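Report on one structure; see the data block that follows.
The values are calculated or read from the model by the stated rules, or taken from the named source; none is laboratory data. Bear in mind the structure is a predicted one, so any value in this text is a computation, not a measurement. Note: ideal-geometry Cβ built from the backbone for every residue, glycine included; neighbour counts use all protein chains shown. When the accessible area is computed, the model is the full protein with side chains, heavy atoms only, and any ligands, DNA or RNA have been set aside. Shrake-Rupley method; radii C 1.70, N 1.55, O 1.52, S 1.80 Å.
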Amino acid sequence: MLEIKNLHARIADDENGTEILKGINLIVPTGEIHAIMGPNGSGKSTLAYVLAGRDDYEVTSGDILWNGESILEMSPDERAAKGVFLAFQYPMEIPGVATMTFLRAALNSVRKKRGQKEMTTPEFLKFVRAKAAELGVSDDMLKRPLNVGFSGGEKKRMEILQMAVLEPTLCVLDETDSGLDIDAIRIVSEGATKLRSPDRAMLVITHYQRLLNYIVPDKVHVLAKGVIQKTGGKELAMELEKSGYAEFTGKAA
Amino acid sequence: MAAVKETIEQVKAIDVDKYKYGFETDIESEKAPRGLNEDTVRFISDKKGEPAWMLEWRLDAYRRWRALKEPTWAKLHYPKIDFENLYYYSAPKGTSGPKSLDEVDPEILKTYAKLGIPLKEQEILAGVRKTGEPSPSDDSPLADGYASMAGRVAVDAVFDSVSVVTTFKKELAKAGVIFCSISEALREHPELVKKYLGSVVPQSDNYYAALNSAVFSDGSFVYIPPGVRCPMELSTYFRINEKDTGQFERTLIIADKGSYVSYLEGCTAPMRDENQLHAAVVELVALEDAEIKYSTVQNWYPGDKDGKGGIYNFVTKRGDCRGDNSKISWTQVETGSAITWKYPSCILRGDNSRGEFYSIAISNGYQQVDSGTKMIHLGRNTTSRIISKGIAAGKSQNTYRGLVSAHRKATGARNFTNCDSLLIGDKCGAHTVPYLEARNSSAQFEHEATTSKISDNMLFYCTQRGLSQEEAIALVVNGFVRDVLQHLPMEFMAETQKLIGISLEGSVG
């Protein structure tokens, strides 16, 4: 279970100390998918980064518990070993590093930290190829340097592939639908939905209701002005689609 | 990816700022008196039992050196070297030249074993993959083809000023290949040495080359007869051990018509607070249709984390594509030395000859690197290719300096240059100084250059996927240098990937 308790955070080297997250409270039980929706600048991506442990952000108060354990003091790789995965809104390109090489380095690294045995080369190739086929990731893409020259849709599929390979227990999807056409959204969200499991919690961050037609959430939270303004079922997303965020952006000022 | 894993394990196995090759061997040595004058030159020549013409050649070089001035154009800053306070010759006592393995001082054999260079003919170099082992990176297009070739490497071991042993000589002799120390070559094959020594790098070429010509003590000599493809990799392993001693090695490689040779040199030195001088000259001659592939993994002691100590590496390396259709390819991995001043070059004299320069230069701590190449196009339809990858970390300065020139008769000359610099942290510097001179309107030169930084975004992305900071840097840097790594002999790729990780440890605070 993910528990976020009164979380306050700001940009680490911001002299003015302007808070972006102003006391977030949120619980995502294992086995559930929750969506976070909100307007631009509401703190959605900041929340995703803070969960993953990016050091550009400073947590000024509050706590994040994953399965009862605070992860605030952990480095990003330690969190990854604990099962935290962030699908990036803008995945990075890593020139010269073949996708397969990257996947293997990452998988072996987390397996080692999780006390699991490293996979042998044939095991690993079989494992990745099977997952890749499900997501329509070609062998050619696996040979190319990670994300270099990939289209927007390919990059997002690659994020989901990494998620499938690393087998995290807490998945955070940061605007995975941004910049994708309808077909790409379908492929990516089908991939993500396959990972729905009683052992896994997912937090899906998005602007639009559209994505939630494919990844059906158990709960929807509205994040605006750095706090959760409203929580509801999947019908809340439909309401927002009609009424917009105006109600919330005026409110907490 | 096995290589990254190995890199990480290697990094973990040693403390930050610990140079793994920094030990010293306690061995009695015989030295020339401190300082440099004509008597020093005579002493060295006499020690080696050289013919009279060689002594004259050295003395001529010495007199020219006295008339030359130390070059100051490189972007390097260091206190003036006191040439009168150095030893110019130091040999382990009792060695008068290379012997068979069972005669070599066991202390020296132990030293090389410790360095991962077992001087036994039935063994292969440490770190070399045996046939059938998985390749270091599964995606390498070279991996499969090389596995069967990996196996034996002939080694010439140079300890301070002398060559202590050369392996596989008999077997090479069967193919007609001469591989021995240059001292031995002067005794056994004086006509070849006389014909080619100084023919690529003349005595007065530059300050350090003149110094080397006067006092060079040992180095390797290779001759590949016409039409012969050298049956194994040749390599020389240089070790500086003595205190206050300069190492002046001289290497001469001749590939006769239609022959091929691949040669690799490696170097290490003990950790000392004083700076030590290394001024080598390497000359390559490729005759018609011949090809020489020369690779260097330079890992001299780089100094400590405060910039104290380390080797001053002033090296002149030049290849002469003397015959038509000849090819010379330099690949260098420069990770060591406090100061590196080195420009492996190609003179493209023969028509259709080809020169290549692939370089990875890594600087960390207070290291200073000023390195690059010269491609001199003289013949018709000559081509050259330069791929340089500079990586600067810590408080280091890393300069690429290169010259591409086409003589007015060099019609159809072509060059492609790509210089990429990668910065890690914000206290280091990367500089690119390319010179292009085309005296022929048909010459086509292309130059590409990029400078980038390992961004926090990239590191965060990698660490989010479970890689530690060090693993992430090693992975990104190995990706950055990939184009060049592929040109190293397969046997040394995995070793080099490890070395890259080690060189960059502690580069991000």
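Those strands (runs of 3 or more DSSP E) of the range A:1-112 in which at least 1 residues are under 24 Å from A:G232 (Cα atoms) and open to solvent by 50 Å² or more (accessible area, probe 1.4 Å), considering only elements entirely within it, cover A:2-11, A:19-28.
May I ask you to list the residues in the range A:135-148 that are in contact (Cβ under 8 Å) with a residue 24 or more places away in the chain and either farther than 28 Å from A:M1 by Cα or within 12 Å of chain B (Cβ to nearest Cβ) (or both)? Outline the logic, then answer.
Quick first cut of the range A:135-148, residues in contact (Cβ under 8 Å) with a residue 24 or more places away in the chain only: A:135-137, A:141-148.
Result: A:G136, A:V137, A:M141, A:L142, A:K143, A:R144, A:P145, A:L146, A:N147, A:V148.
Do you know which residues across the range B:256-286 are part of a strand (DSSP E or B) and modelled with pLDDT under 90?
Hits for the range B:256-286 are B:L264, B:E265, B:G266, B:C267, B:T268, B:N275, B:Q276, B:L277, B:H278.
Residues that are part of a strand (DSSP E or B) and among the acidic types (D, E) were ranked within the range B:416-463; the one that is least open to solvent (accessible area, probe 1.4 Å) is B:D420.
Considering the range B:476-489, the residues that are more than 8 Å from chain A (Cβ to nearest Cβ) and not polar (S, T, N, Q) include one that is nearest to the chain's Cα centre (by Cα), namely B:L488. In a residue-by-residue description of the range B:347-368, the property of being within 21 Å of B:I502 (Cβ to Cβ), open to solvent by 10 Å² or more (accessible area, probe 1.4 Å) and among the hydroxyl-bearing types (S, T, Y) applies to at least one position.
Among the residues of the range B:433-456, some residue qualifies, meaning at least one is under 22 Å from the mean Cα position of the chain (by Cα) and away from chain A (no Cβ under 12 Å).
Is it the case, given these coordinates, that A:G153 is more than 30 Å from A:L65 (Cβ to Cβ), outside any strand (DSSP E or B) and of a type in the set (G, A, S)? So A:G153 fits the description; yes.
Report yes if A:A133 is of a type outside the set (V, I, T), over 17 Å from the mean Cα position of the chain (by Cα) and assigned to a helix (DSSP H, G or I), otherwise no. Spelling it out, A:A133 is indeed of a type outside the set (V, I, T), over 17 Å from the mean Cα position of the chain (by Cα) and assigned to a helix (DSSP H, G or I). Any residue at all in the range B:485-503 that is in contact with a Pro (Cβ under 7 Å, 6 or more places away or on another chain), under 26 Å from B:S262 (Cα atoms), in a helix (DSSP H, G or I) and of a type in the set (A, V, I, L, M, F, W, C)? Looking for residues that are in contact with a Pro (Cβ under 7 Å, 6 or more places away or on another chain), under 26 Å from B:S262 (Cα atoms), in a helix (DSSP H, G or I) and of a type in the set (A, V, I, L, M, F, W, C), one finds at least one in the range B:485-503, hence yes. Taken together, B:G319, B:G323 contain a single residue that is in a strand (DSSP E or B), among the small types (G, A, S) and in contact with a strand residue (DSSP E or B) (Cβ under 9 Å, 6 or more places away or on another chain), which is B:G319.
So, in the range B:351-394, exactly how many residues are in a loop (DSSP other than H, G, I, E, B) and free of Cβ contacts under 8 Å to residues at least 60 places away in the same chain? Summing the residues that are in a loop (DSSP other than H, G, I, E, B) and free of Cβ contacts under 8 Å to residues at least 60 places away in the same chain in the range B:351-394 gives 6.
Residues in the range A:85-112 that are more than 8 Å from chain B (Cβ to nearest Cβ) and within 30 Å of A:K5 (Cα to Cα): A:A87, A:Q89, A:Y90, A:R111.
Apart from one condition, A:F150 fits all of (1) open to solvent by 10 Å² or more (accessible area, probe 1.4 Å); (2) within 20 Å of A:I215 (Cα to Cα); (3) modelled with pLDDT of 90 or more; the exception is (2). Identify all residues within the range A:34-52 that are at the interface with chain B (Cβ under 10 Å from one of its Cβ atoms) and in contact with an Asp or Glu (Cβ under 8 Å, 6 or more places away or on another chain); write none if there are none. The answer is A:Y49, and nothing else.
Listed by position, the helices (runs of 4 or more DSSP H) contained in the range B:112-219 that have at least 2 residues being at pLDDT 55 or above are B:169-174, B:182-188, B:190-196, B:207-215. The set of residues in the range B:346-375 being closer than 20 Å to B:V481 by Cβ and charged (D, E, K, R) consists of B:E356, B:D370.
When only residues in the range A:113-125 that are part of a helix (DSSP H, G or I) and either within 8 Å of chain B (Cβ to nearest Cβ) or surrounded by 12 or more Cβ atoms within 10 Å (Cβ to Cβ) (or both) count, which is farthest from the chain's Cα centre (by Cα)?
The qualifying residue farthest from the chain's Cα centre (by Cα) is A:T121.
Listed here are the residues, each with its yes/no results for (1) open to solvent by less than 70 Å² (accessible area, probe 1.4 Å); (2) of a type in the set (K, R).
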residue: B:E30; (1), (2): yes, no
residue: B:P33; (1), (2): no, no
residue: B:D39; (1), (2): no, no
residue: B:K47; (1), (2): no, yes
residue: B:E70; (1), (2): yes, no
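None of A:L142, A:L223, A:L170, A:L203 is among the aliphatic types (A, V, I, L, M) and surrounded by fewer than 23 Cβ atoms within 10 Å (Cβ to Cβ) except A:L142.
Going through (1) within 24 Å of B:R482 (Cβ to Cβ); (2) part of a strand (DSSP E or B); (3) open to solvent by 10 Å² or more (accessible area, probe 1.4 Å) one by one, B:L403 falls short only on (1).
Considering only residues that are open to solvent by 10 Å² or more (accessible area, probe 1.4 Å), in a helix (DSSP H, G or I) and facing another protein chain (nearest Cβ under 7 Å), which ones fall in the range B:464-475? Within the range B:464-475, B:E471 is the sole residue that qualifies.
Of the residues that make up the range B:175-191, is at least one surrounded by fewer than 19 Cβ atoms within 10 Å (Cβ to Cβ), out of contact with any Leu (no Cβ under 6 Å at 6 or more places or on another chain) and hydroxyl-bearing (S, T, Y)? No: zero hits.
Checking the stated criteria, B:F492 turns out not to satisfy the condition of being within 12 Å of chain A (Cβ to nearest Cβ), in contact (Cβ under 8 Å) with a residue 24 or more places away in the chain, farther than 25 Å from A:R114 by Cα and under 24 Å from the mean Cα position of the chain (by Cα). When the residues of the range B:406-415 are filtered to those that are of a type in the set (G, A, S) and not in a strand (DSSP E or B), which remaining residue is surrounded by the most Cβ atoms within 10 Å (Cβ to Cβ)? For the range B:406-415, the residue satisfying everything is B:A413. Checking the structure you have, find out if any residue of the range A:67-75 is within 14 Å of A:L166 (Cα to Cα) and more than 7 Å from every other protein chain (Cβ to nearest Cβ). Checked against the condition, which is being within 14 Å of A:L166 (Cα to Cα) and more than 7 Å from every other protein chain (Cβ to nearest Cβ), the range A:67-75 yields no hits at all.
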